[in-house]
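Every number in this text was worked out from the coordinates using simple rules, so none of it is lab data. The shown structure was predicted, so the numbers you read here are calculated from the model rather than taken from an experiment. We place every Cβ from the backbone using ideal geometry, glycine too, and count neighbours over all the protein chains shown.
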Amino acid sequence: AQKVTQAQTEISVVEKEDVTLDCVYETRDTTYYLFWYKQPPSGELVFLIRRNSFDEQNEISGRYSWNFQKSTSSFNFTITASQVVDSAVYFCALSGGSNYKLTFGKGTLLTVNP
Amino acid sequence: DGGITQSPKYLFRKEGQNVTLSCEQNLNHDAMYWYRQDPGQGLRLIYYSQIVNDFQKGDIAEGYSVSREKKESFPLTVTSAQKNPTAFYLCASSPQGNNQPQHFGDGTRLSIL
């Protein structure tokens, strides 16, 4: 069975602080895919990044960066110099095997205060 | 613009009533999904469909039904058998393949009158 754990339920920071959102996953599949989504107050989920299990390179996109480590089954997300617009719920998700099911973590509510 | 349209945005259900949530996509995606979101629970999969005229139960299918008669449409019916239907419902679609990111609609918030 697949499982995604986001241990941080809520995080509150002040604007311009760096913040890291943790994601730990469990799977028996040798090939799998990890995703991060952002859910702003409006409700829709916005896709941020996908990473496959064979690619452990870190990725940076503007103020966002992701650290994938198979040895610790983690796929952490860092926002550098946070902004108020980053306030949202962030979900980590996992898919693998032969089906299309995405297993979501319970999400981390990030509040960035001015 | 391509995207996923969910309607209505807010829906109220009376006791014993079935209600249907609409989901339409113009992204030409083969796969479509319905999720339920409760506070602090993340997203849980209700049903998914990989192709027209075929669908599978997700983790919490009891009390729900779906149909997939057209590629663009995947309506969800919340039946009277669903005893706790108050939640935020999200529809998503994706191309074939479990490596494909899912694209989400804006959601429907269902409440009990």
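Taking each residue in A:102-110, count the Cβ atoms of any other chain within 10 Å of its Cβ, then average. What number comes out?
4
By counting other Cβ atoms within 10 Å of each Cβ, how are A:Thr103, A:Thr78, A:Thr30 ranked from fewest to most?
Final ranking by Cβ density, sparse to dense: A:Thr30, A:Thr78, A:Thr103.
Indicate, rounded to the nearest 5 percent, the antiparallel portion of the DSSP beta bridges found entirely in the protein assembly as shown.
The antiparallel proportion sits near 90 percent.
Count, for each residue of B:90-100, the Cβ atoms from other chains sitting within 10 Å of its Cβ, then give me the mean as a whole number.
4
What percent of all Cα-Cα pairs in chain B falls in each 5 Å bin, counting up from 0?
2, 13, 24, 27, 19, 10, 4, 1, 0
Taking 32 Å as the cut-off for C-alpha to C-alpha distance, list the pairs among A:Lys101/B:Lys70; A:Lys70/B:Lys9; A:Lys70/B:Lys83; B:Lys9/B:Lys83 that go past it.
The answer is A:Lys70/B:Lys9; A:Lys70/B:Lys83.
May I ask which residue of A:Leu21, B:Ser49, B:Asn18 lies farthest towards the positive end of the charge dipole of the protein assembly as shown, with charges of +1 (Lys, Arg) and -1 (Asp, Glu) on Cβ and the Cα centre as origin?
So the residue we want is B:Asn18.
Can you list the aspartates and glutamates whose alpha carbon is less than 20 Å from that of A:Lys106, not counting same-chain residues fewer than 8 positions off?
A:Glu10, A:Asp22, A:Glu26, A:Glu44, A:Asp86, B:Asp38, B:Asp59, B:Asp106
Output wanted: per-residue J couplings in Hz (rounded whole) for segment B:84-96, from phi through Karplus 6.51 cos²θ - 1.76 cosθ + 1.60, θ = phi - 60°, x for Gly and Pro.
Taking θ as phi minus 60°, the curve returns 10, x, 5, 5, 9, 10, 10, 9, 9, 9, 7, x, 4 Hz for segment B:84-96.
Counting only trypsin sites (Lys or Arg not before Pro) that are in a DSSP loop and have at most 13 other C-beta atoms within 10 Å, tell me the longest site-free stretch of chain B.
B:15-82
Based on other C-beta atoms within 10 Å, arrange B:Thr86, A:Thr27, A:Thr5 from fewest to most.
Neighbour counts put them in this order, fewest first: B:Thr86, A:Thr5, A:Thr27.
Would you mind counting up the charge near B:Lys57? Only other residues with Cβ under 14 Å from its Cβ, with Lys and Arg at +1 and Asp and Glu at -1.
+1
Across segment B:99-107, in residue order, what do the Karplus-derived ³J(HN,Hα) couplings come to in whole Hz, using 6.51 cos²θ - 1.76 cosθ + 1.60 with θ = phi - 60° and x for Gly and Pro?
With coefficients 6.51, -1.76 and 1.60, one gets 9, 8, x, 8, 10, 10, x, 7, x Hz.
Report the equivalent ellipsoid semi-axes for segment B:1-40 in whole Å, largest first, defined as the square roots of five times the eigenvalues of the gyration tensor built from alpha carbon atoms.
24, 13, 10
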